[in-house]
Amino acid sequence: MTANTLSLEHIREHFRQARQSSKARHRDIAAQLQISEGQLIAAYVGSDALELQAQRLRPEWAQIITQVETLGTVLALTRNESCVHEKTGVYQNTSANAHVGLVLGSAIDLRIFYQQWAYGFAVQDHSGQGDQAQLSLQFFDAAGHAVHKIFLKPQSHISAYEQLCRQFAEPAQSAGIQPVPSQSAKTERPDSAVDAAALRQAWSQLRDTHDFFPMLKKHDLTRLQALRLVGADFAQAVDVDAARVLLEAAALQQVAIMVFTDNPGIVQIHTGVVHKVAIMGPWLNVLDPDFNLHLRQDHIASAWLVRKPTVDGLVSSLELFDADGQTIALFFGARKPGQPELGSWRGLLADLTEEASA
């Protein structure tokens, strides 16, 4: 039986057994079945199963995200293959322009690309410990990969959640989805085909960090290829252990930082001081009351110290990439437009370059 021919009942039975024997997450159980997480959740649409229920939501994503503010304090979760970013707070100051959305609350800070969102579900998970169901809103791309999840906290407004579910319920509550293959990553041109001098000139003329992606697009470059070719004064390779060193130093010195984690459908940002940094197996973790980060150190194939000119001076970042050249996470010093970069942040990055030289 292939992944595409698994019956809904087979998926549900495997989930029941997996949850009885372990605390396996939805993502891991789906991987055992060789299906996407979205397929697992969709198998429970319209089901009266005791362990899990799912309600299909209409694809009115921007309106749903705006309504999330009524839930009060929730947990926002964004992940890619190598990094999980969890932030507790309220969805405030939401807006949308065409297919791009913003959430600019004091805690929840998101850049959303709604064209990548294909499925949304309201989920009630009764299979965990305790009598209380875990309520959430979960969104997936066309391949069934998780884009963004919103989990209710004990202090969240349950009545507002129920109202949101009624307001945005899809009339046809049919189970299952037909996932499409994921889009392949952009293929790099040969380095010899890149005009490195033109890249350096364009890079040196940057005036805002938001101009960086349009520059890559104009020169037909992947992010990692641009870092390789622009020159060491703008991009310098450092040790793959740099994220651990940086986070531990930032916590020790109480330097406020920004942590960006993304997938094709969203960017989630934390701004502030981190406190508890812990290593658990391959995972590098930040375990603070309102911010958790879980980063697979063994997935980091390269790490780069990157400097971009802006009208406020140089803005520096530590950028992590996996073996396929995909971004895992980006780290910046906390700052707002119009402010220069923190000297304490530059000091942390200087320590990384000294280690790299050594």
Scanning region 283-299 for residues that are of a type in the set (A, V, I, L, M, F, W, C) and within 17 Å of Glu81 (Cβ to Cβ), which turns out surrounded by the fewest Cβ atoms within 10 Å (Cβ to Cβ)?
-> Trp283
Within region 119-154, the residues that are touching a strand residue (DSSP E or B) at 6+ places or on another chain (Cβ under 9 Å), without any contact (Cβ under 8 Å) to a residue 60 or more places away in the chain and in a loop (DSSP other than H, G, I, E, B) are Ala133, Ala142
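What strands (runs of 3 or more DSSP E) lie completely within region 1-104 and have 1 or more residues being open to solvent by less than 20 Å² (accessible area, probe 1.4 Å)?
On the way: elements: 52-56, 74-79, 83-89, 94-97, 100-104.
Ranges flagged: 52-56, 74-79, 83-89, 100-104.
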Return yes when Ala107 is touching a residue at least 12 places away in the same chain (Cβ under 8 Å), touching a strand residue (DSSP E or B) at 6+ places or on another chain (Cβ under 6 Å), open to solvent by 20 Å² or more (accessible area, probe 1.4 Å) and farther than 18 Å from Arg166 by Cα and no when it is not.
-> yes
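Based on what the data block shows, is Val277 within 18 Å of the chain's Cα centre (by Cα) and of a type in the set (A, V, I, L, M, F, W, C)? Outline the logic, then answer.
On the way: within 18 Å of the chain's Cα centre (by Cα): no; of a type in the set (A, V, I, L, M, F, W, C): yes.
It is false that Val277 is within 18 Å of the chain's Cα centre (by Cα) and of a type in the set (A, V, I, L, M, F, W, C).
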Hey, any hits in region 273-282 for a residue that's out of contact with any Gly (no Cβ under 8 Å at 6 or more places or on another chain), assigned to a strand (DSSP E or B), under 30 Å from His99 (Cα atoms) and at pLDDT 95 or above?
-> no
Please list, ordered by first then second residue, the pairs with beta carbon atoms under 9 Å, 6 or more apart or interchain, first in region 174-192 and part of a loop (DSSP other than H, G, I, E, B), second open to solvent by 100 Å² or more (accessible area, probe 1.4 Å).
-> Gln178/Asn4; Pro179/Asn4; Ala185/Asp324
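The values are calculated or read from the model by the stated rules, or taken from the named source; none is laboratory data. None of these values were measured; they are calculated from a predicted model. Ideal geometry is used to build each Cβ from the backbone, glycine not excepted, and the neighbour counts take in all protein chains shown. Heads up: the accessible areas ignore ligands, DNA and RNA and are worked out on the full protein's heavy atoms, side chains in. Shrake-Rupley method; radii C 1.70, N 1.55, O 1.52, S 1.80 Å.
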